[in-house]
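Engineer: Quick one: this structure, given as structure tokens, is what I'll be asking you about.
The values are calculated or read from the model by the stated rules, or taken from the named source; none is laboratory data. None of these values were measured; they are calculated from a predicted model. Cβ: placed from backbone, ideal geometry, glycine included. Neighbour counts: every protein chain shown. For the accessible areas, the whole protein counts, side chains as well, though only heavy atoms, and no ligand, DNA or RNA atoms are used. Shrake-Rupley method; radii C 1.70, N 1.55, O 1.52, S 1.80 Å.
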Amino acid sequence: MFKIGYRTIKTAIGTPVAISIAQLIGLHSFASAGIITILCIQRTKKKSLRAAGDRFVACLIAMAYSYLFFEWIAYTPPVIGLMLLFFIPTTVALKVSGGIVTSSVIILHLYASNSITIDTLLNELCLVIIGISVAFLVNFYMPSMDREILEYKNKIENLYRIILRELSEYLVTGNSIWTGKEIIEADNAIKKAVYYAALDLENHITGSEDSYYHYFKLRERQLAILKRILPLAGKMDLSEHEGSREIGEFIGHLSDNVHHRDTTEQHIKQLEELLENLKKKEIPSNFEEFERRAALFQLGKELKDYLVIKSTVKPLPFTKIKQG
């Protein structure tokens, strides 16, 4: 069994429509409108808009160069090569090189005509307009990424709850049979979530709906902090607790507040008070105790960075993603 994607469906719909329109209005080489449509089908709305502009400008340049080289020099294969030596660098300089392949269709048509006239140029221009326009119209519909984004948002938050809860239990009780597999799962989930959020962002022409992408990138930064916290927790002297219990209980409270809503100000204040109290404890009497105390304060710093990152999360549109 094989899967048919949206891009394939759009190509199957757009190509015959473009050919039918070009044939209906009596254009020569009407099948080329379908070729142009195939070349212009894109995965997102923004890419579609950029592709339409690039290909249209590149085709206009191709028609101008074709007239200059073919009419003023000759209709021979070497002249095509000579023209490409100028045409391709021009499209690169104008940042429309994405239209080179589409323009080659127009160039070869004009070469085969053996005589470039106003009617010939109008015919090619109409083929370009029809092919690009049909591709843009079928690209206007893009499947919603809302369901995937919501699923990964909830999955990531649930994984973070487990990670924080297990870390809390270890620091409070000294007992844990946790394998750490949620770290790997969270890493994979974030990568996929960023991918879907980026697609969603590309499908908003105005570029204003970047909340989800921003949210998942911040979760990615938080995960990096959690990875740094784990080895620090392993340095704690859990038999004497020396502050690890307090930190563990605080992390346990964080595990109940993983959601994206901003509750960080009160958490940062609690953490700062906790670290201040730890500073008042007796000064370590040997290097091992000093090392453990340093690891404890480093863990506290990492937790504060984790919370500061959360405080920068943009409000998520509730029309698409409910609070979780």
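Engineer: Taking +1 at the Cβ of each Lys and Arg and -1 at the Cβ of each Asp and Glu, which of Asn154, Tyr196, Val105 sits farthest along the dipole of the chain towards its positive end, judged by Cα position relative to the Cα centre?
Structural biologist: Toward the positive end, the furthest listed residue is Val105.
Engineer: Now for a separate question. Taking Cα atoms, how many degrees apart are the long axis of helix 244-255 and the longest axis of the chain, rounded to 10 and kept between 0 and 90?
Structural biologist: 40 degrees
Engineer: Sticking with the crude label model, points 7 Å out along Cα→Cβ, report the distance from Arg43 to Glu151 in nm, one decimal please.
Structural biologist: 1.8 nm
Engineer: When the helices in the chain are scored as -39500 (n - 2.57) per DSSP H run of 4 or longer and the sum is shared across all residues, what 222 nm value do you end up with, to the nearest 500 deg cm²/dmol?
Structural biologist: Details: 12 runs with 230 residues, N = 324.
So the calculated ellipticity at 222 nm is -24500 deg cm²/dmol.
Engineer: Pairing the Cα long axis of helix 146-173 with the longest principal axis of the chain, what angle in degrees results, from 0 to 90 and rounded to the nearest 10?
Structural biologist: 20 degrees
Engineer: Could you check which residue among Glu220, Glu265, Glu166 shows the biggest mean-square fluctuation in a GNM of the chain with a 10 Å Cα cutoff?
Structural biologist: Of Glu220, Glu265, Glu166, the most mobile in the Gaussian network model is Glu265.
Engineer: Further question on the same structure: Over the chain, what is the relative contact order in whole percent, taking alpha-carbon pairs under 8 Å and six or more residues apart?
Structural biologist: It rounds to 19 percent for the chain.
Engineer: Let me ask something additional. Beyond 21 Å between alpha-carbons counts as too far, so tell me which of Lys191/Lys310; Lys155/Lys191; Lys47/Lys310; Lys153/Lys310; Lys10/Lys95 fall in that bin. Let's see the in-between values first.
Structural biologist: Numbers: Lys191/Lys310 18 Å; Lys155/Lys191 12 Å; Lys47/Lys310 31 Å; Lys153/Lys310 14 Å; Lys10/Lys95 26 Å.
Distance filter (> 21 Å) returns Lys47/Lys310; Lys10/Lys95.
Engineer: Magnitude of the Cβ-charge dipole of the chain, K/R +1 and D/E -1, about the Cα centre, nearest 20 debye? Can you show the working numbers first?
Structural biologist: On the way: 38 positive and 35 negative charges, 137 e Å.
Using Cβ point charges on Lys, Arg, Asp and Glu, the chain gives about 660 debye.
Engineer: Check the straight Cα-Cα distances from Lys279 and name the lysines below 19 Å, setting aside those fewer than 8 residues away within the same chain.
Structural biologist: Those lysines meeting the cut-off are Lys235, Lys269, Lys301, Lys304.
Engineer: Another question, if that's okay. Roughly speaking, what is the centre-to-centre gap between the stretch 166-183 and the stretch 294-308 when only Cα atoms are used, to the nearest Å?
Structural biologist: Their Cα centres are 18 Å away from one another.
Engineer: Enter the accessible area of Asp256 (Å², nearest 10), with the probe set to 1.4 Å and all protein chains included.
Structural biologist: Taking all protein chains as shown, Asp256 has close to 110 Å².
Engineer: Based on the mean of other beta carbon atoms within 10 Å per residue, what is the order of 76-85, 120-129, most packed first?
Structural biologist: On the way: 76-85: 12.9, 120-129: 19.5.
So the peptides 76-85, 120-129, ranked by packing, come out 120-129, 76-85.
Engineer: Using alpha carbons only, how many degrees (0 to 90, rounded to 10) separate the axis of helix 100-113 from the longest principal axis of the chain?
Structural biologist: For 100-113 against the chain, the angle is about 0 degrees.
Engineer: Let me ask something else. Could you order Lys153, Lys45 by accessible surface area, starting with the largest, using a probe radius of 1.4 Å? Don't skip to the end; give the middle numbers.
Structural biologist: Values: Lys153 0, Lys45 45 Å².
Sorted by accessible area, descending: Lys45, Lys153.
Engineer: With springs only between Cα atoms under 10 Å apart, run a GNM on the chain and tell me which of Val17, Val92, Val194 wobbles the most.
Structural biologist: Val92
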